[in-house]
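The values are calculated or read from the model by the stated rules, or taken from the named source; none is laboratory data. Keep in mind that what you see is a predicted model, and the values were worked out from it rather than measured. Every residue, glycine as well, gets a Cβ built from its backbone with ideal geometry; the counts of neighbours run over all protein chains shown. Side chains included, ligands, DNA and RNA excluded: accessible areas come from the protein's heavy atoms. Shrake-Rupley method; radii C 1.70, N 1.55, O 1.52, S 1.80 Å.
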Amino acid sequence: MIKGIIRLLIICILSGQAALANEGMWLPTLLKKYNIEEMQKMGFKLTAEDIYSVNQASLKDAIVLFGRGCTGELISDKGLLITNHHCGYRYIQQHSSVENDYLTNGFWAMSQQEELINPGLSVKFLKRMEDVTDRVITWKDTIPDRIEQEKIIDENIEAIEREAVENGKYVADVKPLFYGNQYFLYIYEEYKDVRLVGAPPSAIGKFGGDTDNWMWPRHTGDFSLFRIYTDKDGNPASYSPDNVPMKSKKFLPISLKGAQENDFTLVFGYPGSTQEYLPSIAVDQIINQNDPDKVAIRDLKLAILGASMKSDPAIRIQYASKYAGTSNSWKKWQGEIMGLKRLKAVERKKEFESDFTSWVNQSETRKKSYGDILESFKGLYEQLAPYSKANDYYSEIVYRGTDALQLVAKTNPVLRLFGSMDDKQIEKSQKALTVLSTSHFKDYHKPTDRKVFIALFNKYINDLPKEFVPVKLSKLKKEKRDKYLLKIYDKSVFTDQQKYSDLVSTFNEKAKEIFQNDPLFKLYEMFVETRTLNVWPNYAHLTDSIKQVQKRYMKGIMEMSVNKQLFPDANLTLRVAYGKVEGFQPKDGVRYRHYTTLEGIMQKDNPEIYDYDVPDRLKEIYNNKDYGRYADDNGQIRVCFSASNHTTGGNSGSPVINAEGQLIGVNFDRCWEGTMSDIMFDPDRCRNIVLDIRYALFIIDKFAGAGYLLDEMEIVD
Ligand code: ARG
Ligand code: GLU
C-alpha cells in the first residue's frame, strides 16, 4: 500500500507538466507573480523591477536580439556589445579573404574609425511587452467557426501592430503563447548601424570547433564585440559616416569574481523555439523518424564538405560557415535522440497522458472539450508520418541541400515577377541579383557542390516512395540517373558565375527565358511541382489539424495545472531562465566539474588537428603566466563554466548574470547529454555552457593588446 502511494507520487512528480527545478524560460513581466521569490531564495539580490521595468532603466535595456537569432548585451555606455563568436561569424567571414583572413587571425579595431560596417545586421531592444489576449480573441458568447476565428485574429493582430509601431518609429510583433491560448505584443526599437569591433582568431573563438561543439568539457572563447551607432541625436539610423556611438542608457557591469559552484545564475535572452508540451506520439516520431532522417542526410553532405575543406585552405574558408551551420543541428539531433531515449520521454509523456485522461474523465464538460484529444493526435500523427518524411527530405535536400539549387530558389521569385515589372523595378532586381551572385559565388566551389548534389538527390530518389519523386527521375535506372543529373548540373547557368552574371546584366525577356529553360531550374520545378501536388496538400492539412488539437490540449493542460506554474514554449521573445552554477554526472562513475581552465586548452593542443591548434601567442602567455587580474584564486585562467539554466538556440550570446546583476559570462551552448531539453528537461543533466567573462577580458587585454576597450567597461573586482 505504502509502496503504491510512493509509486503514485513519483509518477505524479515525473510525469507532471509543471516546471521542475531550474526548468523554464519565463516571461520577464510575470516574474513578480511567479518566480521572484524562488529566485531570491536561490540567492538573487535584485527585484523583478530591476530585471524588467518600463518606468526605469532595467536589465532588459541592456539586452538585444542580435541579427536574426542570437542575443547580445551592452557592456559600456558607448554602445559596445558582446555576443558569441559564432553569432558574429557570418560578419567576420564576410570581411575575410585569403589575404585578409580575420577568421584565422582575428580582428581588432584599434580605434573607432577601424570598426567595420555590416550591411544587413541589426539589433533590437525591447521597449515593452504586454498581454493583448483580450484584444486578439475578441469574440464572446457566440463563437465563430475556425476560419472566421482566424480571420478575426489576423485582423486584430494587424490593427494592434499598426498602432504600436507609431508610424514606423518602432517594430511591433504580436506573438501567440501556449499555442494561441494567449497573445503578447512586443514593441522594439531597431538599430541598423552595428559595426564589428573585435573577434579573436577562430583558434580561440571557435576552439574545439565542431569536434567539441555541444560538448563538455569545453574550451571555446566564443565571443565577439560589436558597437551600435546612432544618428547625432541618439536615434536609430541606417549607416552613415556621421553616425556616433550609441549613448546606452543601461549596460551590464562586469564582475571579476567569477562563478563559484552553486552560485545563482540568470540568463536573459531570446530563446528561439522549444516543444515542451507535445504528446507522446509526436515525441516518438521525432526520435524514430524525423531526427534520424535529417541526421542521415547531413551525414552525407558533411562527409563531402569536410573532405573538400581539408584538401584546400581556400575551400575551407568558403565552406567554414556552411559546414558549421550544417553540422550544428546534425549533432544536436543526435544528442536529442539519445537524451530522449535515456529519459524515457515517450513513456513519461504516456504516463502524463493517462493522468490527463483521468482528469478529463472526472467531468462531462471536460470530456466534451478534451475527450477526443489523444485519439485525434494518434490518428493525425500516423497519417502525417509519410508526409513529414517527404517534407524533411524536401527541405534538407531540395531546399537547402546544395548551393546551386539555393541559387535557383533565390532567383526564382524575381523571374516570376519579371512580367509585371517596370524598368525601374527591373533595374532594382538586377542590382539585387548582382549582389546575390557575388556573395553566392564567393563561397561556391563547383566540384564540391556537384558531389553533394549527386549524393543527396540519389538519396532522395532511393529513399522516398515513387509518388514523392518526379516521374521523370523515378523511371531512370541508377547509372542513367547519375549521368542525367550530372549533365543537368554541368550545363546549368546556375553553376557558372560568368554565365549567371551575364544573364543578370542583360536582364531582359530573353534572359528570363534562358533562366527558366535552364535544366537545373527545370529540375527544381519538377521537385516543387511533385511536392505541391503530392506532399503539401496533405502535409499542410494534417499539420494544421494537429495545431488545432494541440491548442486544445494546451488549454486542457493549463486548466489541469491551475495551481502550478507553466512557462510558454520559447518563441524568440525575451525570457528569463534561472538556475545555478553546477556540474553534472553524465554517466555512471563520471562527474563533470563546473569549470574548465587554460590548462585544458594546452592539454588539447595539437597542431595536427585543425580544431585544436592553439595559437603560439596564447602558449607564450601561458608559459609566462602573464594572467594579470583575470586569474582565479588558484592562479588559473578559467575558460568556461556550466550552469543549470534552461536555454536553447537563440540564447547564444545571452548574458549570464550573477546575484548582484553583474555579467559573469556569455552563454553559448548546451551539453550534449541535455540537448533534449527542447522537448523534455532533465534537471540532472541539462546544462548550459557559458564563456567565463574573465577569459574574454584576458583575451582582449593580454592576447590581442586591445586593452583600451576595457577602459569603457565597468569592471568590478
Ligand atoms: N552549438 C552552438 C549553437 O547551437 C554553437 C554553434 C556554433 N559552433 C559550431 N562549432 N558549429 O549555436
Ligand atoms: N549555440 C546555440 C545558439 O546559437 C545555443 C545553444 C543551445 O541551443 O542551447 O543559440
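Quick notes on this one:
- Cross-chain or 6+ apart pairs with Cβ under 7 Å, the stretch 102-119 first and farther than 20 Å from A696 by Cα, then of a type in the set (F, W, Y) and part of a helix (DSSP H, G or I): N118/Y91
- Subset of the stretch 50-71 (residues that are more than 16 Å from ligand 2 (Cβ to nearest atom) and touching a residue at least 12 places away in the same chain (Cβ under 8 Å)): D50, I51, Y52, V54, A57, S58, L59, K60, D61, A62
- The sole residue among R687, R694 that is charged (D, E, K, R), in contact (Cβ under 8 Å) with a residue 40 or more places away in the chain and within 12 Å of ligand 2 (Cβ to nearest atom) is R687.
- Condition check for G79: open to solvent by less than 10 Å² (accessible area, probe 1.4 Å) and away from ligand 2 (no atom under 16 Å from the Cβ): yes
- In the stretch 654-676, the residues that are of a type in the set (K, R) form Cβ pairs under 8 Å with partners that are within 16 Å of ligand 1 (Cβ to nearest atom), at six or more places apart or across chains, as follows: R670/W214; R670/T647; R670/T648; R670/S677; R670/C686; R670/R687; R670/N688; R670/I689.
- Matching entry among S652, S677, S642 (being touching a helix residue (DSSP H, G or I) at 6+ places or on another chain (Cβ under 6 Å) and among the polar types (S, T, N, Q)): S652
- Matching residues in the stretch 545-598 - criterion: being of a type in the set (S, T, N, Q) and farther than 25 Å from V64 by Cβ: S545, Q548, Q550, S561, N563, Q565, Q585, T596, T597
- Positions within the stretch 431-452 being within 25 Å of K294 (Cβ to Cβ) and either touching a Gly at 6+ places or on another chain (Cβ under 8 Å) or among the basic types (K, R) (or both), in sequence order: R450, K451, V452
- Single residue of E73, E115, E148 found to be away from ligand 1 (no atom under 16 Å from the Cβ) and under 29 Å from Q548 (Cα atoms): E148
- The stretch 305-331 - residue that is open to solvent by 30 Å² or more (accessible area, probe 1.4 Å) and farther than 16 Å from V98 by Cβ and, of those, nearest to ligand 1 (Cβ to nearest atom): N328
- Filtering R629, R591 for residues that are assigned to a helix (DSSP H, G or I) and either in contact (Cβ under 8 Å) with a residue 24 or more places away in the chain or surrounded by fewer than 20 Cβ atoms within 10 Å (Cβ to Cβ) (or both) leaves a single hit, R629.
- Which numbered condition N288 misses (of (1) over 30 Å from S376 (Cβ atoms); (2) surrounded by fewer than 20 Cβ atoms within 10 Å (Cβ to Cβ); (3) modelled with pLDDT of 95 or more): (1)
- For I609: the one exception among (1) surrounded by 24 or more Cβ atoms within 10 Å (Cβ to Cβ); (2) within 16 Å of ligand 1 (Cβ to nearest atom): (1)
- Members of the stretch 42-66 that are over 16 Å from V576 (Cα atoms) and out of contact with any Lys or Arg (no Cβ under 8 Å at 6 or more places or on another chain): N55, Q56, F66
- Checking each residue of the stretch 663-672 against the condition of being more than 13 Å from ligand 2 (Cβ to nearest atom) and open to solvent by 10 Å² or more (accessible area, probe 1.4 Å) gives no match.
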